[in-house]
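Undergrad: My structure is below; once you've seen it, I'll send some questions.
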Amino acid sequence: MVESIIQVANLSKSFDISSKKPGLKGTLRHFFKRETKSVEVIKNINFEINKGEIVGFLGANGAGKTTILKILCGLIYPSQGELSVAGYLPYKRRSNFLKNITLIMGQKQQLIWDLPPIESFYLNAAIYDIEKFEAKKRIKKLSDMLEIEKELYIPVRKLSLGQRMKSELLAALIHKPNILFLDEPTLGLDINAQRNLRKFLQIYNRETDATICLTSHYMKDITSLCKRVICVHEGCITYDGKLDKLLKKISPVKDILIICKTDKDAKELSKSGYIIKNKNQKEVTITIKKDTIKSTLNKIFKSYGIEDIFINEPPVDEIIGNILVKEKV
């Protein structure tokens with residue numbers, strides 16, 4: 001039986017927000033008679049995450065993804081509902097709970113700016129009561145995996161963004177957390193740095209069986225790492241399940257580029273009743289439902305002279321973009 005490490009039931013979070021009119025008059029009125037309203041950013045959500053899973057949280061800006069991660073790691077209190085992370089109530093911030101988790105945010109840093117990363121690593125090791133010999137061993141192993149051995153002794157301010165992000169990751173993992181909360185971990189990184197970071201997370205998950213909760217607007221992060229996704233729209237969960245199933249549900253068709261042997265074949269194919277997306281001389285692009293591809297292509301090969309075919313999936317970014325603006329999937 002798979003062990004559930006995170007349980008969330010009927011969880012909601014509201015914030016009191018004050019508004020102020022512009023100008024001196026508005027400022028004075030705001031000072032003496034402040035008007036506030038309660039905004040519910042998380043609305044009665046429910047989900048469970050099993051030990052060792054990598055789960056991606058998808059949603060537009062302001063949907064509530066980061067708020068969910070902050071509640072799960074105990075940075076903010078829930079307004080109502082129940083939750084358990086590794087058997088603890090996160091908002092109580094027990095020391096044993098904090099030793100089990102880590103939070104990495106792409107737009108935040110914990111490394112000391114003017115010192116080499118190695119100094120911050122030893123500081124973190126001391127905070128987590130890790131003896132120096134063990135700390136050296138862990139730093140060596142993680143730095144080898146991240147390929148940043150030389151960068152450990154260069155001041156943080158002189159590191160590139162990718163090198164700095166790898167160092168941030170090492171600092172966050174030195175205490176061997178069982179649960180990783182990653183909020184936009186590849187933000188601002190180049191393609192190679194993103195790929196290396198994803199590769200490292202896959203290896204770390206495989207070797208330690210760590211649970212990873214991930215938010216990202218880079219769809220390659222989600223498709224490479226996450227088999228399961230949770231879609232969040234205006235504080236509500238609109239989908240919770242396998243990514244492949246979601247993509248098939250949202251995009252049940254494929255575009256097939258067919259290169260015919262003659263212009264006559266292309267012309268006849270374009271008039272045969274299929275959904276024609278584009279035609280250019282001998283090339284005809286048709287749209288076919290995924291569950292009828294085999295039978296449709298067999299029929300086309302028997303009826304027309306075909307030189308080559310290309311099967312194109314709609315871009316994942318486009319599909320996910322459509323998901324993010326929908327209330328329910």
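Undergrad: Starting from 0.36 nm per residue, how many nanometres of slack lie between Gln110 and Lys92 once their C-alpha separation is accounted for? Before the final figure, lay out the partial values.
TA: Numbers: separation 18, 0.36 × 18 = 6.48 nm, distance 2.21 nm.
Extra length available between Gln110 and Lys92 comes to 4.3 nm.
Undergrad: Another one. Please give me the summed charge of the neighbours of Lys261: other residues whose Cβ is under 13 Å from its Cβ, Lys and Arg +1, Asp and Glu -1. Please report the intermediate quantities before stating the final value.
TA: On the way: positive: Lys264, Lys267, Lys282; negative: Asp263, Asp265, Glu268, Glu283, Glu307, Asp308.
Net charge in that neighbourhood comes out at -3.
Undergrad: Ranking Val156, Val229 by Cβ neighbours within 10 Å, fewest first, what do you get? Can you show the working numbers first?
TA: Values: Val156 20, Val229 25.
Taking fewest neighbouring Cβ atoms as first place, the list is Val156, Val229.
Undergrad: Quick one: net charge of Ile286's neighbours, Cβ under 10 Å, K/R +1, D/E -1? List each step's numbers first, then the result.
TA: Details: positive: Lys254, Lys277, Lys279; negative: Asp255.
For residues surrounding Ile286, the net value is +2.
Undergrad: Also: Output ³J(HN,Hα) for region 209-217: one whole-Hz value per residue in order, computed from phi by the Karplus curve 6.51 cos²θ - 1.76 cosθ + 1.60 with θ = phi - 60°, and x for Gly and Pro.
TA: Each residue of region 209-217 in turn: 6, 6, 8, 10, 10, 10, 10, 6, 9 Hz.
Undergrad: Grab the beta carbon distance between Ser18 and Asn312, set R0 = 30 Å, and tell me the FRET efficiency rounded to 0.05. Numbers along the way, then the final one.
TA: Working: r = 50 Å, r/R0 = 1.68.
For Ser18 and Asn312, the calculated efficiency is 0.05.
Undergrad: Any idea which of Gln281, Ser295, Ile311 is furthest toward the positive side of the dipole for region 252-312, if Lys and Arg beta-carbons carry +1 and Asp and Glu beta-carbons -1?
TA: Checked the options; the winner is Ser295.
Undergrad: What is region 252-312's relative contact order, in percent, from Cα pairs under 8 angstrom and six or more apart in sequence? Please list the in-between numbers first.
TA: Working: 101 pairs, mean separation 30.2, N = 61.
That works out to 49 percent.
Undergrad: What's the longest piece of the chain with no exposed trypsin sites (Lys or Arg not before Pro), counting a site as exposed if DSSP puts it in a loop and it has at most 11 other beta carbons within 10 Å? Spell out each step's value before the answer.
TA: On the way: sites that count: Lys33, Arg34, Lys108, Lys271, Lys328.
The longest uninterrupted stretch comes out as 109-270.
Undergrad: In this model, which of Lys254/Lys282; Lys70/Lys158; Lys70/Lys227; Lys70/Lys254; Lys99/Lys158; Lys51/Lys254 are farther than 27 Å apart at the alpha-carbon?
TA: Values: Lys254/Lys282 20 Å; Lys70/Lys158 30 Å; Lys70/Lys227 22 Å; Lys70/Lys254 39 Å; Lys99/Lys158 30 Å; Lys51/Lys254 35 Å.
Too far apart for the 27 Å limit: Lys70/Lys158; Lys70/Lys254; Lys99/Lys158; Lys51/Lys254.
Undergrad: Here is a follow-up. In a Debye calculation with equal point scatterers on the alpha-carbon sites of region 194-235 and no solvent, what is log10 I(q)/I(0) at q = 0.15, 0.18, 0.21, 0.33 Å⁻¹?
TA: Result of the Debye calculation: -0.39, -0.55, -0.71, -1.33.
Undergrad: From the residues Ile127, Asn205, Leu11, which one has its Cα farthest along the dipole of the chain in the positive direction, the dipole being from +1 and -1 charges on Cβ of Lys/Arg and Asp/Glu about the Cα centre?
TA: Of the candidates, Leu11 comes out farthest on the positive side.
Undergrad: Fewest to most neighbouring Cβ within 10 Å: what's the order for Val8, Val253?
TA: Values: Val8 21, Val253 17.
Final ranking by Cβ density, sparse to dense: Val253, Val8.
Undergrad: Let me ask something else. Taking all pairs of distinct Cα atoms, average 1/r, flip it, and tell me the Kirkwood hydrodynamic radius of region 216-269 in Å to one decimal place.
TA: 14.3
Undergrad: While we're on this one: Fewest Cβ neighbours within 10 Å first, please rank Thr67, Thr292 accordingly.
TA: On the way: Thr67 19, Thr292 11.
Going from sparsest to densest Cβ surroundings: Thr292, Thr67.
Undergrad: Next question, about the same structure. May I ask for the Rg/Rh ratio of region 252-312, computed from Cα atoms with Rh as the Kirkwood radius, given to two decimals?
TA: Numbers: Rg = 10.3 Å, Rh = 11.2 Å.
Computed over Cα atoms, the ratio is 0.91.
Undergrad: What FRET efficiency do you get for Asn192 and Glu48 if R0 is 30 Å and r is their Cβ-Cβ distance, rounded to the nearest 0.05?
TA: Details: r = 35 Å, r/R0 = 1.18.
So, using R0 = 30 Å, E works out to roughly 0.25.
Undergrad: Which of the aspartates and glutamates could be linked to Lys136 by a straight reach, that is with a Cα gap under 14 Å, when you skip same-chain ones fewer than 8 residues away?
TA: Of all the aspartates and glutamates, those that pass the test against Lys136 - Cα under 14 Å, at least 8 places apart if same chain - are Glu119, Asp144, Glu149.
Undergrad: Ratio of alpha-carbon Rg to the 2.2 N^0.38 Å globular estimate for region 140-189, to two decimals, please.
TA: Numbers: Rg = 11.1 Å, N = 50, 2.2 N^0.38 = 9.7 Å.
Compared with the compact-globule rule of thumb, region 140-189 sits at 1.14.
Undergrad: OK, next. If you project the alpha carbons of the chain onto the principal axes, what extent comes out on each, in Å, largest first?
TA: Answer, in whole Å and largest first: 75, 57, 50 Å.
Undergrad: Something else: Could you compute the longest span of the chain free of GluC sites (Glu not before Pro) located in DSSP loops and having at most 13 other Cβ atoms within 10 Å, not counting the site residues? Please report the intermediate quantities before stating the final value.
TA: Details: sites that count: Glu3, Glu131, Glu147, Glu149, Glu327.
Excluding the exposed sites themselves, the longest stretch runs over 150-326.
Undergrad: With +1 on each Lys and Arg Cβ and -1 on each Asp and Glu Cβ, how big is the dipole of the chain about its Cα centre, in debye rounded to the nearest 20?
TA: 640
Undergrad: Starting from the Cα of Glu268, step 7 Å along the direction of its Cβ; do the same at Arg157; then give the gap between the two resulting points in nm.
TA: Here the answer is 7.4 nm between the modelled labels.
Taken together, the values in this text are just the output of simple stated rules run on the coordinates, not laboratory data. On a predicted model such as this, the values are computed, not experimentally measured, just so you know. Glycine also receives a Cβ, built like all others from the backbone with ideal geometry; neighbour counts cover every protein chain displayed.
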